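Right, one structure below, let's go through it.
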2 protein chains.
Amino acid sequence: MRVSELVRRTGTPLATVKFYLREGLLPAGRATAATQADYTEEHVRRIAVIRALSDVAGLPLAKIKAILAVIDSPGDDLFAALGAAVGALPPYPSPEDPDLPRARAAVDRLGLQWDPDYAATAQLERALAAAEAAGLPISDERLAVYGRVLGELAEYDIAGLPPAGGQAVEYAVLGTALYEPVLLALRRLAHHHLLVERTGAAASD
Amino acid sequence: MRVSELVRRTGTPLATVKFYLREGLLPAGRATAATQADYTEEHVRRIAVIRALSDVAGLPLAKIKAILAVIDSPGDDLFAALGAAVGALPPYPSPEDPDLPRARAAVDRLGLQWDPDYAATAQLERALAAAEAAGLPISDERLAVYGRVLGELAEYDIAGLPPAGGQAVEYAVLGTALYEPVLLALRRLAHHHLLVERTGAAASD
């Protein structure tokens with residue numbers, strides 16, 4: 001398809017498509033003339049992935065590049081791919097966090113593998129430290145509930161992982177980044193639902 | 001305390017503290033001389049909240065202002081306060097989303113209250129549409145699992161809500177924004193843990 005069709009199909013302005021091409025986020029189309037190129041369904045989907053990571057997951061351009069690089073060269077190591085992808089997700093580590101005492105205590109308490117080099121370990125430290133500093137520390141009881149519930153959810157995710165290979169990497173990487181906003185929206189909706197029930201507030205319908 | 005002590009206690013540069021004061025995120029200290037002011041523990045905590053919302057939750061300044069305004073003038077309506085706070089969280093609605101067909105189907109399927117004006121409804125629509133466009137649509141089975149698990153988690157959250165009043169609002173607002181990064185980090189760690197188990201990869205310790 002022509003670039004104009006790509007613009008129409010994805011609802012993405014031409015200037016944005018050109019920007020993605022220039023930044024190497026979107027592979028060039030097959031040249032059909034000096035000033036024309038042919039684009040495929042893969043280009044349509046790649047633009048959707050970029051916009052999902054940017055507009056919905058809220059990732060900065062450099063982090064989107066890192067995630068796309070993992071998908072494009074998945075290698076055989078699902079483990080390393082997941083690590084690289086999670087490292088591209090917020091919260092981004094602070095140079096002020098050399099130690100991980102809160103994460104260490106939480107991981108031990110939940111019986112999870114301790115891997116200080118896996119990005120989510122520092123992310124947990126930052127998240128726990130921030131809640132604590134704001135005056136709402138996570139209690140041991142809350143940690144136990146959250147750990148159990150999220151563990152159950154992760155088991156479902158991993159059980160549905162395709163067999164090892166490029167597809168598994170893409171599913172693990174995009175599933176982590178793109179399903180998170182779904183999970184957060186569902187929690188926010190469940191809070192609202194329970195408050196409606198509790199307060200007897202009228203629901204609009 | 002003096003501003004130098006506030007800088008030391010919060011680990012926040014003086015220029016940043018002055019910026020927060022100028023932007024009205026941080027209330028002015030009590031003037032003790034023409035060029036000196038006295039700050040309290042409330043200032044220390046407010047800076048921690050701002051930094052948690054900014055550095056960890058990743059919110060832009062305008063959204064942090066909106067959340068602090070809810071906390072500072074909570075009113076009696078916990079419901080309205082939660083709505084305003086959730087509206088300040090990403091993903092931010094797109095003017096291209098006038099309809100909410102995916103959110104409507106998901107909310108009906110999960111038996112939740114339908115409230116198109118609650119921000120999380122449009123956030124769910126965006127998140128579902130993005131996953132779909134990227135080629136990883138949320139299946140009905142996955143939605144049922146996620147909905148059940150997140151519902152369980154929300155029940156725990158709401159059960160621990162302080163009685164109505166300013167404290168309940170602050171807990172609901174900050175708990176929503178600050179516990180989300182904890183939840184996401186725990187899911188990422190659980191994925192890693194399960195992959196270690198599955199692949200028999202050596203864990204560092």
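The values are calculated or read from the model by the stated rules, or taken from the named source; none is laboratory data. These numbers come from a predicted model, not from an experiment. Please note: Cβ atoms are built from the backbone with ideal geometry, for glycine as well, and neighbour counts cover all protein chains shown. Surface areas here come from the heavy atoms of the whole protein model, side chains and all, with no ligands, DNA or RNA. Shrake-Rupley method; radii C 1.70, N 1.55, O 1.52, S 1.80 Å.
Amide H contacts under 5 Å for residue B:37: B:3, B:32, restricted to partners 5 or more places along the chain or on a different chain, H placed in the peptide plane at 1.01 Å from N. Shown are A:156, A:118, whose ranking by accessible area with a 1.4 Å probe and every protein chain present, most to least, is A:156, A:118. Across the copies of the chain, residue A:22 has label points (7 Å from Cα along Cα→Cβ) spaced 3.1 nm apart, shortest distance listed first.
Take chain A with all the other protein chains still there, run a 1.4 Å probe, and you get 45 Å² of accessible area per residue. Along chain A, the longest continuous region that contains none of the GluC sites (Glu not before Pro) in a DSSP loop with at most 15 other C-beta atoms within 10 Å is A:97-205. Helical content of chain B, expressed as a calculated mean residue ellipticity at 222 nm, amounts to -20500 deg cm²/dmol (DSSP H runs of 4 or more residues, -39,500 (n - 2.57) each, divided by residue number, nearest 500).
Of the DSSP H helices in chain A, those with a Cα length along their own long axis of 30 Å or more and a mean Kyte-Doolittle hydropathy reaching -0.5 comprise A:166-199. In percent, rounded to a whole number, the relative contact order of chain A is 19, using alpha-carbon pairs under 8 Å and six or more apart. Taking every protein chain into account, the 1.4 Å probe leaves residue B:55 with about 60 Å² of accessible area, to the nearest ten. At full extension, residue B:140 and residue B:37 could sit 31.3 nm farther apart than now, given 0.36 nm per residue minus the alpha carbon distance. Both the radius of gyration and Dmax for the range A:1-115 are 18.8, 62 Å, in that order, over alpha-carbon atoms. With respect to the axis relating copies A and B by rotation, the chain A residue whose beta carbon is closest, plus that distance in Å, is A:149, 3. Along its principal axes, chain A has C-alpha extents of 65, 48, 36 angstrom, given from the largest down. Note on surface exposure: B:49, A:3 rank A:3, B:49 by accessible area, highest first, 1.4 Å probe.
Considering the protein assembly as shown at the alpha-carbon level, its Rg and Dmax are found to be 22.3, 74 Å. From the Kirkwood radius over Cα pairs of the range A:131-184, Stokes-Einstein at 37 °C and 0.692 mPa s returns a whole-number translational diffusion coefficient of 250 µm²/s. Which of the listed residues, A:147, A:167, A:69, is farthest toward the dipole's positive end in the range A:62-205, when Lys, Arg count +1 and Asp, Glu count -1 at the beta-carbon? Selected residue: A:147. To the nearest 10, the accessible area of residue A:73 is 90 Å² with a 1.4 Å probe.
For the range B:83-124, give the percent of accessible area contributed by carbon and sulfur heavy atoms, probe 1.4 Å, rounded to a whole number. For the range B:83-124, the apolar C and S fraction of the accessible surface comes to 52 percent. Considering only A:47, A:184, A:130, the residue lying farthest towards the positive end of the dipole of chain A is A:47, judged by Cα position with unit charges set on Cβ. Using all pairs of distinct alpha-carbon atoms, the Kirkwood hydrodynamic radius of the range A:70-118 works out to 12.7 angstrom.
Plainly put, the tip 7 Å out from Cα toward Cβ on residue B:5 is 7.1 nm from that tip on each other copy, the closest given first. Heavy-atom accessible area, probed at 1.4 angstrom with all protein chains present, ranks A:45, B:46, A:2 as A:2, A:45, B:46, highest first. Summed over both chains, the contact between B and A buries some 8600 Å² of accessible surface at a probe radius of 1.4 Å.
Comment: the Cα-to-Cβ extended label point of residue A:163, at 7 Å, lies 6.2 nm from its counterparts in the other copies, nearest first.
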